[in-house]
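Input: a single structure, listed below in structure tokens.
The values are calculated or read from the model by the stated rules, or taken from the named source; none is laboratory data. As the structure is a prediction and not an experimental result, all values here were calculated from the model. Using ideal geometry, Cβ is built from the backbone for each residue, glycine included, and neighbour counts are taken over all protein chains shown. The area values use the complete protein model at the heavy-atom level, side chains included, leaving out ligands, DNA and RNA. Shrake-Rupley method; radii C 1.70, N 1.55, O 1.52, S 1.80 Å.
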Amino acid sequence: MAPTTVRSTFSLVAVVATLNGVLIQTIMVSRVIYGLADRGHLPVVFAKVSERTQKPIVATFAVVFIIAMFALSTPITSLAEHTSWIVLLVLVLVNVALIQLKMKHQHAGGYFRVPMVVPVLGVIRVCCYLVHHSCDAGAVVLLPAFGAQLMLINASSKRRANLLLRSSKG
């Protein structure tokens with residue numbers, strides 16, 4: 001058995017990591033709610049920002065309230081599992097949105113670009129994980145897909161950097 005100081009340190013690190021995750025998700029979700037409200041997809045009250053900080057104050061308070069209700073009414077293991085699923089579903093939605101943007105604005109410029117296969121692999125990889133999250137067979141599909149996705153992003157970044165370098169020279 002580990003010494004008390006080691007166990008205490010690990011417990012402290014776990015608590016800090018958990019709080020960090022909650023903070024990041026609170027910020028992410030409040031910004032998504034703000035963006036949807038600002039575009040008219042949610043009630044406009046969620047688009048209200050603080051004059052002093054320019055942060056979406058109503059959306060943030062709403063998210064904190066919902067998180068507090070879940071934290072007080074749900075067992076921690078269930079809460080952690082559902083939170084992980086929500087983050088993965090958001091990742092799928094981001095990749096699907098990127099696919100849609102690429103299909104609509106194929107020739108637009110001035111932003112970071114990746115090949116279409118990158119968000120497609122992202123959707124496939126996360127969906128495979130969601131389907132096989134509890135068995136090792138999912139890793140057989142996930143690891144090569146993740147590696148291929150990283151290689152494509154890297155190649156795209158290098159190509160984009162070379163194009164920018166050429167255009168600045170001449």
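General remarks:
- Charge tally for Thr60 (other residues, Cβ to Cβ under 15 Å; Lys, Arg +1; Asp, Glu -1): +2.
- Modelled FRET efficiency - R0 45 Å, Arg113 with Phe61, Cβ distances, 0.05 increments: 0.75
- Computed on protein heavy atoms with a 1.4 Å probe, the accessible areas place Lys104, Lys48, Lys55 in the order Lys104, Lys48, Lys55, largest first.
- Nitroxide proxy distance, nm - points 7 Å out along Cα→Cβ at Ser84 and Val15: 2.3
- Förster radius 41 Å - calculated FRET efficiency between Val45 and Leu130, Cβ distance, rounded to 0.05: 0.80
- The range 69-94 and the range 117-133 have Cα centres separated by 18 Å.
- Once backbone amide H atoms are built at 1.01 Å from N, Leu42 has Ala37 as its partners under 5 Å, excluding neighbours fewer than 5 places away on the same chain.
- The residues Tyr129, Tyr34, sorted by heavy-atom accessible surface at 1.4 Å with ligands and nucleic acids left out, run Tyr129, Tyr34 from largest to smallest.
- The phi-based Karplus calculation (6.51 cos²θ - 1.76 cosθ + 1.60; θ = phi - 60°) puts the 3J(HN,Hα) values of the range 61-70 at 5, 5, 5, 4, 4, 5, 4, 4, 5, 5 Hz, whole numbers, x for Gly and Pro.
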